[in-house]
Amino acid sequence: MASAPIAPYNSSPLGNSSSPNASRESLKMEPLADVAMLPGEERVIDKDIIYICPFNAAVKGKVFITNYRLYFKNTDSETPVILDVPLGVISRVEKMGGASSRGENSYGLEITCKDMRNLRFALKQEGHSRRDIFEIIFKYAFPLSHGMQLFAFLSQEKYEENGWNVYEAMEEYRRQGVPNSEWRVTFINKNYELCDTYPTILVVPYKATEEDLKRVATFRSRCRIPVLSWFHKENHAVITRCSQPLVGMSGKRNKDDERYLDLIREANGTTKLTIYDARPNVNAVANKATGGGYEGDDAYQNAELVFLDIHNIHVMRESLKKLKDIVYPGVEESHWLSSLESTHWLEHIKLVLSGAIQVADKVSSGSSVVVHCSDGWDRTAQLTSLAMLMLDSYYRTLRGFQVLLEKEWISFGHKFASRIGHGDKNHADQDRSPIFVQFIDCVWQMTKQFPTAFEFNERLLVVILDHLYSCRFGTFLYNCESARESNNVRVKTVSLWSFVNRDTSLYINPFYTPESSCVLYPVASMRHLELWVTYYIRWNPRIQHQQQSPVEQRYKELLALRDQYLKKLEELQLSDSAPSSTHLTNRSTPNAATPNQHITHLQTPF
């Protein structure tokens, strides 16, 4: 029997056995030899159960629940069938069948996961045999709904590097070339008084006073004023980000806001400031009814407004649901292309990438831009971070990509808690949406189109998404910096980057070629985009053998060949330098040039 899929990028063992504080009940449990528990992880319950594997027959085994994970191992076969699922991945737990249900394995539990898979377990129909396991999974998968802490606050993992120090705002702005004569740093938000979802350090036009900033804040949704995200060192054009103006149905104007946007334009002396509104035009107009809106031509005369037609969080949530339906558990080959098209997932990826290309191109040609959606924390973050990835090769390094996520997503207040629902049982919450998953998908599309431009590999992207859900690290918890500050996240939890940076070799792309001044323009057309199979369909064991593309295989072969030639060259050089055989050295010298020539040729693509 083929084994069930195992999480491909599980962490390596970090300690064993349960904590000394474990209850007496857990001391009586079977030893859990196969899985090394994390420091701070404690056993809660284990139970004989049947896993209804969608790829094989029903499998008898034992499920172990800790305060961090659900772990299942079969007992009825020599071939291991293992599930290792962080509880944070669980979106929903439901009872399947009732006491009077007929049919084999019709009584049990159905678990919906956030990572594209569902799990079904059956129990014997006697008494209330599933009550204890249901209540424990429900309680530990949704700790915040039960007045308990997320596992990140219970974890006792230790790492050499403190990942919380990866991003220092002032250091990053200095790297970009600010402050300067056009842009200044302001600490007006040091206590989150100007905007409670913005970071404490902001960069604003040099000529804008603190009073200007306060007045502009009154006219921008959630007080999210236009602030600098990225500065182009050569042409001094900038990417600024904000939320929608509060125009409303009556078409309100705000002279301070209009003047402020003009200061952004004036900073590098361009005639027009381009405002990229991520929304479809019709949505932006509809937002006027709720007090929002967009920058009209009459009020913002030195600006041009471009709508990018990217749909809202609700459309994206439904699109991913449809994608899940066609990829798990089975993939129907006969109608695959039409089924994929009906999800519109790649269409949305295309629109996000296309918008980011427009932003990057405008800045690269010397014009400053303002980017916003409604509140400036979803589509805005997608557009600014992707444009910055295209423009700035630093963000394409392993460390730089971490800085990009910390800056544009975490520091600038993408609502991770609301969008992901960490530890919250309300699976139908309308605030949930895969905005960050979509962004990572766009990054993956770029890595496929530019296989030598990124220092990091696909594995990093999968690990980031796995721990987006796992609640093992504090990196993606809460909605904004002020909430993380008040919950002492940097002190009480470990950063994901501590874990990633302890062994960077796992995440390095061997084909990376540093290219400092190159701007990347991916092709955002449906013909050039593809479904990220190794993420969305990874739980299907039949997909595993297709994971490596022929191009990647060829690269690996070339690398192996290069290593062989280097080894041969080293051996020849050693034999050349041997003092005892002058005649041999003379004979070998011409031959030594041959591998050297091959090496030069082979190294060209790298």
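For region 149-258, the convex hull drawn through the C-alpha positions has a volume of 150 cubic angstrom per residue. Counting 0.36 nm for each residue step from S181 to A428 and taking away their Cα separation leaves a gain of 84.0 nm. Note that region 441-447 has calculated 3J(HN,Hα) couplings of 4, 4, 4, 4, 4, 5, 5 Hz, one per residue in order, obtained from phi through the Karplus relation 6.51 cos²θ - 1.76 cosθ + 1.60 (θ = phi - 60°); glycine and proline are x.
One decimal place: the segment R253-S577 gains 108.6 nm when fully extended, by the rule 0.36 nm per residue minus the C-alpha distance. Near E304, the amide H atoms lying under 5 Å from its own belong to L273, T274, I275; only residues 5 or more places off or on other chains count, and H is placed 1.01 Å from N. Applying a 4.7 Å cutoff between beta carbons, the unpaired cysteines of the chain are C53, C113, C242, C373, C442, C471, C480, C518. Across region 314-393, C-alpha contacts under 8 Å between residues 6 or more apart give a mean separation that, scaled by the residue count, equals a relative contact order of 27 percent. Taking other residues whose beta carbon is less than 13 angstrom from the beta carbon of V327, and scoring Lys, Arg as +1 and Asp, Glu as -1, yields +2. Estimated at 0.36 nm per residue, the fully extended path between L337 and K60 surpasses their Cα-Cα distance by 96.1 nm. In percent, rounded to a whole number, the relative contact order of the chain is 14, using alpha-carbon pairs under 8 Å and six or more apart.
Within the accessible surface of the chain, defined with a 1.4 Å probe on protein heavy atoms only, the carbon and sulfur portion equals 50 percent. Under 17 Å of direct C-alpha separation, and excluding same-chain neighbours fewer than eight residues apart, K207 reaches these lysines: K255.
The R131 and S77 beta-carbon pair, evaluated with R₀ = 30 Å, returns a calculated FRET efficiency of approximately 0.60.
Roughly what % of DSSP beta bridges within region 43-148 run antiparallel, to the nearest 5? That works out to approximately 100 percent antiparallel.
Using a cut-off of 10 Å between beta-carbons, work out the net charge of the residues near L346 (Lys and Arg +1, Asp and Glu -1, L346 not included). Once all neighbours under 10 Å are counted, the net charge is -3.
Each residue of region 482-492 was assigned a 3J(HN,Hα) from its phi angle through the Karplus curve 6.51 cos²θ - 1.76 cosθ + 1.60 (θ = phi - 60°); the sequence is 5, 5, 5, 5, 5, 9, 6, 4, 5, 8, 8 Hz, with glycine and proline shown as x. Between the amide H of W183 and those of Y206, distances stay under 5 Å, these residues lying 5 or more places away or on another chain, with hydrogens modeled in the peptide plane. Contact order, relative form, for region 31-74: 33 percent (alpha carbon pairs under 8 Å, 6 or more residues apart, mean separation divided by residue count). Restricting attention to region 163-551, close to 45% of DSSP beta bridges with both partner residues there are antiparallel.
What shape does region 43-148 have by the C-alpha gyration tensor, where a ≥ b ≥ c are the square roots of the eigenvalues, rounded means a/c under 1.5, and otherwise prolate means a/b greater than b/c and oblate the rest? Cα axes put region 43-148 in the oblate bin. With protein chains left intact and a 1.4 Å probe, residues in the chain average 44 Å² of accessible area per residue.
Along its principal axes, region 163-551 has C-alpha extents of 61, 43, 43 angstrom, given from the largest down.
Ranking P86, P451, V359 by Cα position along the charge dipole of the chain, where only Lys, Arg, Asp and Glu carry charges on their C-beta atoms, puts P86 farthest toward the positive end. Put a dot 7 Å past the Cα of H528, heading toward its Cβ, do the same for N165, and the two dots end up 4.1 nm apart.
For the pair V285 and S486, a Förster radius of 51 Å applied to the C-beta separation gives a FRET efficiency near 0.85, rounded to the nearest 0.05. Straight-distance candidates among the lysines for linking to K321, with alpha-carbon spacing under 24 Å and chain neighbours fewer than 8 residues away dropped: K95, K114, K350, K415, K425.
Residues in region 110-116 carry Karplus couplings, in order, of 10, 10, 9, 10, 7, 9, 6 Hz; the curve used is 6.51 cos²θ - 1.76 cosθ + 1.60 with θ = phi - 60°, and Gly or Pro positions show x.
The values are calculated or read from the model by the stated rules, or taken from the named source; none is laboratory data. Everything quoted here is computed from the prediction, not taken from an experiment. Counting neighbours? That spans all protein chains shown, and the Cβs are built from the backbone with ideal geometry, glycine included. Accessible surface is based on the protein model in full, side chains and every heavy atom, while ligands, DNA and RNA are left aside. Shrake-Rupley method; radii C 1.70, N 1.55, O 1.52, S 1.80 Å.
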